[in-house]
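For reference, the structure is listed below as structure tokens.
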Amino acid sequence: MPLVIESLVKRFGQGPAAREVVRGIDLRLRPGECFALLGPNGAGKTTTLRCALGLTEPSGGTLTLVGLPVPERARDARARVGVVPQMDSLDPDFTCAENLIVFAGYFGIPRGQIAPRVPELLAFAGLEGKENARIQDLSGGMKRRLSLARALVNRPDLLVLDEPTTGLDPQARHLIWERLRRLTAEGTTILLTTHFMDEAERLAHRLAILDQGRILVEGSPREVIAAHIEPQVVEVFGDWAGDSPATASGAAAWAARHAADYSQRCEISGETAFCYTDDAAPLLAHLAHQPGLRTLHRPANLEDVFLKLTGRELRD
Amino acid sequence: MNAFSPPCLTPRLFAVWRRNFLVWRKLALPSIVGNLADPVIYMLGLGYGLGLLVPEVEGVSYIAFLAGGTLAYSTMNAATFEVLYSGFSRMHVQKTWDAIMNAPVALDDIVAAELLWAASKATLAGTAILAVIALFGFAASPLALAVIPVIFLTGLCFAAVGLIMTAVAPSYDFFMYYFTLFITPMTLLSGVFFPQGQLPDGVRVVAELLPLSHAVSLARPLLLGQWPSQALLHGAALLAITLPAFWLALALTRRRLLK
């Protein structure tokens, strides 16, 4: 098993001031799958990863990383794990190739063994020919890709990525997604955290949504969507003429009056009403007669589930 | 894990040491010149300048007296700057330590590697200064070579004490307190520039306990071709400061990074 987490609890501080950041998480990764941990800021994603890697001691529960108990044997376990951290931590004093060679040294891999693999690792990260490039000269996307290559120097059984595509442009995100799919196809297990629902929907075989230190749902993206949300969404926005000119107002006013008649559930966020329904046809027919209101009809996605479960208010 | 549990070290720490060495090697020449210029200028300037006013100190020329002190305090400075500024930048700014901890290397190994590296770099700098001192003829006896282990031990000691500061520093500015409140007064009290016998009795008793005093007490006689009196005691004192200081620095670093 790549990673087994049982009843993980993590508290920071002591006594009455203690904050419980992880409150009983159970997780079991299957070999070769890509598992996504989703959650708003402060949900406990990074703390869970740090516990799993043995970088901080859990307050309760047990962890087993690539078959070894953590934190007791975390050092041995990490020999078979690759990590792409949230913040770039490349060595600015070294070139791209030196970053890989020196990092391999931390795994006890001698230079003679890693040096011949450097071109292949750089090519995997889309950094062909960048052996001698300095880190300062790389773009944000290139740095993240080099971090990915660095995480692969030890041919890990489990690759852990903390928000791998945050801050990247679409081209870089797609390249990273493609490479991660290639890795899972070759049998590497992947655990990633992300804010991007489309990332989780595209990549993850299974996912868990975390909030306030607990897992709210777990399953494949399709299962989670099917189980927790109506299949169709109609977003309604713009100006509503109202029943009379005196009551004319925005989409919220329309929703207060009519949404319940045509949808199972409706949420207002800013200027937009999100109507969730099993059958959008009657709603769309009604909206066709409401000049000023504009609509977007789409299938429900993971983001809808996420927002339903974790709420729409800001977290930080 | 208790933050004060004993250090758990593995040979992997040499991979971390090697990383610092490889970076240093890229800039070895400017680094050595930087470590060399300041103390050598001071030694020659004060030695020949003040030397005109002070014909002899403890039976030797002032510059010959100054050589041992210069060697000790510049070793201290080299180790201190390395763990404070470079160490803090690796720990906090560049996140180099975080990256290494994702590999099968524990924080204990990293902090120990920083300690050893700073002592090594201080030894490289100190040995270069020793060479200049020898060039000017103030280290004529072969006994002067015995000062190299003293340099290393001095480097270890100040690296360990400096790592405590690094462990608790919120930013680079914090280190200014360490220099103005500890390093500079100690340099003046440890017999670098004048014999400690000149100090009032009460001050002298305390000053003789300072780590730099032990380093000077070892380095000066060796450069003058004499075996230091109480050599073992001074060496043991440096070690007796190094070990608990390292332990405290490790505990504070664990508390900072492994939470």
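The values are calculated or read from the model by the stated rules, or taken from the named source; none is laboratory data. Just so you know, these numbers come straight off a predicted model, no measurement behind them. All Cβ positions, glycine included, derive from the backbone under ideal geometry; neighbour counts span all protein chains shown.
A few notes on this one:
Rundown of residues vs (1) within 14 Å of another protein chain (Cβ to nearest Cβ); (2) surrounded by fewer than 23 Cβ atoms within 10 Å (Cβ to Cβ); (3) free of Cβ contacts under 8 Å to residues at least 60 places away in the same chain, yes/no style:
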| site | (1), (2), (3) |
| --- | --- |
| B:Ala119 | no, no, yes |
| B:Ala122 | no, no, yes |
| B:Leu143 | no, yes, no |
| B:Val150 | no, no, no |
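- Residues satisfying the stated conditions in region B:25-52, i.e. within 14 Å of chain A (Cβ to nearest Cβ) and under 17 Å from the mean Cα position of the chain (by Cα): B:Ser31
- From the list B:Asn20, B:Asn77, the one residue that fits, being touching a residue at least 12 places away in the same chain (Cβ under 8 Å), part of a helix (DSSP H, G or I), polar (S, T, N, Q) and within 14 Å of chain A (Cβ to nearest Cβ), is B:Asn20.
- When restricted to residues that are of a type in the set (A, V, I, L, M, F, W, C), out of contact with any Leu (no Cβ under 7 Å at 6 or more places or on another chain) and facing chain B (nearest Cβ under 9 Å), region A:54-80 contains 1.
Table: residues versus (1) closer than 22 Å to B:Ala99 by Cα; (2) among the small types (Gly, Ala, Ser).
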| position | (1), (2) |
| --- | --- |
| A:Phe124 | yes, no |
| A:Asp137 | yes, no |
| A:Gly141 | yes, yes |
| A:Arg155 | yes, no |
| A:Gln171 | no, no |
| A:Arg179 | yes, no |
| A:Ala200 | no, yes |
| A:Ala208 | no, yes |
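A quick yes/no check of all residues on (1) in contact with a Lys or Arg (Cβ under 8 Å, 6 or more places away or on another chain); (2) not polar (S, T, N, Q):
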| residue | (1), (2) |
| --- | --- |
| B:Leu50 | no, yes |
| B:Val57 | no, yes |
| B:Val60 | no, yes |
| B:Leu66 | no, yes |
| B:Thr75 | no, no |
| B:Glu82 | yes, yes |
| B:Ser86 | no, no |
| B:Ile110 | no, yes |
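- Cβ-Cβ distances below 8 Å connect the following pairs, each with a first residue in region A:212-225 that is surrounded by fewer than 19 Cβ atoms within 10 Å (Cβ to Cβ), a second residue that is at pLDDT 95 or above and assigned to a loop (DSSP other than H, G, I, E, B), and a separation of six or more residues or different chains: A:Ser220/A:Ala204; A:Ser220/A:His205.
- Selected residue [out of contact with any Cys (no Cβ under 7 Å at 6 or more places or on another chain) and over 30 Å from A:Pro58 (Cα atoms)] from B:Gly87, B:Gly49: B:Gly49
- Candidates A:Leu146, A:Leu138 - the one that is of a type outside the set (Ser, Thr, Tyr) and more than 14 Å from chain B (Cβ to nearest Cβ): A:Leu138
- Residue check for A:Glu131: of a type in the set (Asp, Glu) and more than 29 Å from the chain's Cα centre (by Cα): yes
- Region B:219-259: number of residues that are in contact with a strand residue (DSSP E or B) (Cβ under 8 Å, 6 or more places away or on another chain) and within 14 Å of another protein chain (Cβ to nearest Cβ): 1
- Among (1) in contact with a helix residue (DSSP H, G or I) (Cβ under 7 Å, 6 or more places away or on another chain); (2) buried (at least 18 other Cβ atoms within 10 Å of the Cβ); (3) not hydroxyl-bearing (Ser, Thr, Tyr), the one test that A:Leu49 misses: (1)
- Selection status of B:Ala167, buried (at least 18 other Cβ atoms within 10 Å of the Cβ), under 15 Å from B:Gly225 (Cα atoms) and touching a Leu at 6+ places or on another chain (Cβ under 9 Å): no
- In region A:81-98, of all residues being more than 9 Å from chain B (Cβ to nearest Cβ) and either more than 28 Å from A:Arg19 (Cα to Cα) or small (Gly, Ala, Ser) (or both), the one that is nearest to the chain's Cα centre (by Cα) corresponds to A:Cys96.
- For region A:104-114, the criterion of being away from chain B (no Cβ under 13 Å) and surrounded by fewer than 20 Cβ atoms within 10 Å (Cβ to Cβ) is met by at least one residue.
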